[in-house]
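Novice: Input: one structure, supplied below.
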Amino acid sequence: DAGITQSPRHKVTETGTPVTLRCHQTENHRYMYWYRQDPGHGLRLIHYSYGVKDTDKGEVSDGYSVSRSKTEDFLLTLESATSSQTSVYFCAISAQGARDGYTFGSGTRLTVV
Amino acid sequence: SQQGEEDPQALSIQEGENATMNCSYKTSINNLQWYRQNSGRGLVHLILIRSNEREKHSGRLRVTLDTSKKSSSLLITASRAADTASYFCATDVLGNQFYFGTGTSLTVIP
């Protein structure tokens, strides 16, 4: 999607290994979000950021950490991947938080074996 | 969870017919949004309706919001095969984030 890219698009990793997903935006938006999408659960918020070095937890944050050292990049790290973290991960950006529509990336499909 | 719940879970219609999807939520909101997701893709924002609005239109889309019933509906008129996708509602609760429902899968048969 224009202005937001996620990398990698696909990844297979082994249980217990650390994994970092990257979200990069060129829109200079203040808010950035990480969601995971699983069948039967819709999209669930993992973490979000409301500015550089300002982050907060979402509803499914256990096992995940994030960092935002500059406006354009929001990193999601799985410290020690587990099979339950197999999912599709989406990054989203917004200029005004929940007063605004979100722009989503194309997603990262992560498989933990 | 504060997520909205869409109904029905799946909907199949003929091209040219109207499609209606509903969303119910649990607590007071400031805004409600609808998104579309094509298979294997990210979500695309369709429309945002604020709590003081009752109806909004965008092209063939019509969204209503009834805060007394804590529900919203998305109407797609004169559906096309290209409208085949999953549709999600999202509600904000804490002001900075939206909670998404599990979606309605719409199939438009040519």
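The values are calculated or read from the model by the stated rules, or taken from the named source; none is laboratory data. Values in this document were obtained by computation on a predicted structure and should not be read as measured data. With ideal geometry, Cβ positions are generated from the backbone for all residues, glycine too; neighbour counts draw on all protein chains shown. Side chains are part of the model used for accessible areas, which takes the heavy atoms of the whole protein and leaves out ligands, DNA and RNA. Shrake-Rupley method; radii C 1.70, N 1.55, O 1.52, S 1.80 Å.
Novice: Stretched out fully, how many nm does the piece from residue A:52 to residue A:11 gain, at 0.36 nm a residue minus the Cα gap?
Specialist: Numbers: separation 41, 0.36 × 41 = 14.76 nm, distance 2.68 nm.
This chain segment gains 12.1 nm when fully extended.
Novice: For segment A:37-43, just list the computed ³J(HN,Hα) in residue order, Karplus coefficients 6.51, -1.76 and 1.60, θ = phi - 60°, integers in Hz, with x standing in for Gly and Pro.
Specialist: Result, ordered by residue: 10, 10, x, x, 10, x, 9 Hz.
Novice: Hey, another quick one. Output wanted: per-residue J couplings in Hz (rounded whole) for segment A:53-62, from phi through Karplus 6.51 cos²θ - 1.76 cosθ + 1.60, θ = phi - 60°, x for Gly and Pro.
Specialist: Karplus values, whole Hz, x for Gly and Pro: 6, 10, 9, 8, 7, x, 7, 10, 8, 4.
Novice: Ok, one more. Given the options B:27, B:67, B:84, which has the most mean-square fluctuation in a GNM of chain B, springs set between C-alpha atoms less than 10 angstrom apart?
Specialist: It is B:27.
Novice: Counting only residues 5 or more places away or on other chains, whose amide H sits under 5 Å from the amide H of residue A:72 once H atoms are built in the peptide plane?
Specialist: Those lying under 5 Å, H to H, from residue A:72: there are none.
Novice: Still on this structure, please answer the following. Using a probe radius of 1.4 Å on heavy atoms only, what accessible surface per residue do you get for segment B:5-109? Whole Å² is fine.
Specialist: Details: 4740 Å² over 105 residues.
Roughly 45 Å² per residue, with all protein chains present.
Novice: Next question, about the same structure. Determine the order of A:31, A:50 by accessible area, beginning with the largest, at a probe radius of 1.4 Å. Before the final figure, lay out each step's value.
Specialist: Working: A:31 10, A:50 75 Å².
Correct descending sequence by accessible area is A:50, A:31.
Novice: If I model a spin label as a point 7 Å beyond the Cα along the Cα-Cβ vector, how far apart are those points for residue A:96 and residue B:82 in nm?
Specialist: Distance between the two pseudo-spin positions: 2.9 nm.
Novice: On to the next question. Heavy atoms only, 1.4 Å probe, whole protein assembly: order A:29, B:45 by accessible area, highest first.
Specialist: Numbers: A:29 40, B:45 65 Å².
Order by accessible area, largest first: B:45, A:29.
Novice: Between residue A:20 and residue B:39, what's the calculated FRET efficiency when r is the beta-carbon distance and R0 is 22 Å? Round to 0.05. List each step's numbers first, then the result.
Specialist: Numbers: r = 27 Å, r/R0 = 1.22.
Rounded to the nearest 0.05, the efficiency is 0.25.
Novice: Among the listed pairs A:53/B:26; A:11/A:57; A:53/B:70; A:70/B:56; A:11/A:70; A:70/B:26, give every one whose C-alpha distance is greater than 30 Å. All intermediate terms of the calculation are to be shown ahead of the outcome.
Specialist: Numbers: A:53/B:26 32 Å; A:11/A:57 24 Å; A:53/B:70 35 Å; A:70/B:56 36 Å; A:11/A:70 24 Å; A:70/B:26 36 Å.
Among A:53/B:26; A:11/A:57; A:53/B:70; A:70/B:56; A:11/A:70; A:70/B:26, the Cα-Cα distance tops 30 Å for A:53/B:26; A:53/B:70; A:70/B:56; A:70/B:26.
Novice: Can you work out ³J(HN,Hα) from phi for every residue in segment B:33-48, in order, using Karplus 6.51 cos²θ - 1.76 cosθ + 1.60 and θ = phi - 60°, giving whole Hz and x for Gly and Pro?
Specialist: Result, ordered by residue: 10, 10, 10, 10, 9, 7, 3, x, 10, x, 7, 10, 5, 9, 7, 10 Hz.
Novice: Taking chain B as a Gaussian network, where each spring joins two C-alpha atoms under 10 Å apart, which residue of B:36, B:80, B:60 fluctuates the most?
Specialist: Most flexible of the set in this elastic network: B:60.
Novice: Right, something else. State, in square angstrom and to the nearest 100, the accessible area buried between chains B and A, both chains counted, probe radius 1.4 Å. Before the final figure, lay out the partial values.
Specialist: On the way: alone 5890 and 5880 Å², together 10060 Å².
When B and A are taken together, about 1700 Å² of accessible area is lost.
Novice: Here's another thing I want to ask about it. Given the options A:64, A:26, A:85, identify the residue whose Cα lies farthest towards the positive end of the charge dipole of segment A:4-112 (+1 on Cβ of Lys, Arg; -1 on Cβ of Asp, Glu).
Specialist: The listed residue farthest towards the positive side: A:26.
Novice: Would you work out the charge dipole size for the protein assembly as shown about its Cα centre, treating the Cβ of every Lys and Arg as +1 and the Cβ of every Asp and Glu as -1, and quote it to the nearest 20 debye?
Specialist: Dipole magnitude for the protein assembly as shown comes out near 260 debye.
Novice: What distance in nm separates the two pseudo spin-label positions at residue B:54 and residue B:17, each 7 Å out from Cα along the beta-carbon direction?
Specialist: The modelled label-to-label distance comes out at 2.9 nm.
Novice: Between B:14, B:37, B:97, where does the largest GNM mean-square fluctuation fall for chain B, given springs only between Cα atoms within less than 10 Å?
Specialist: B:97
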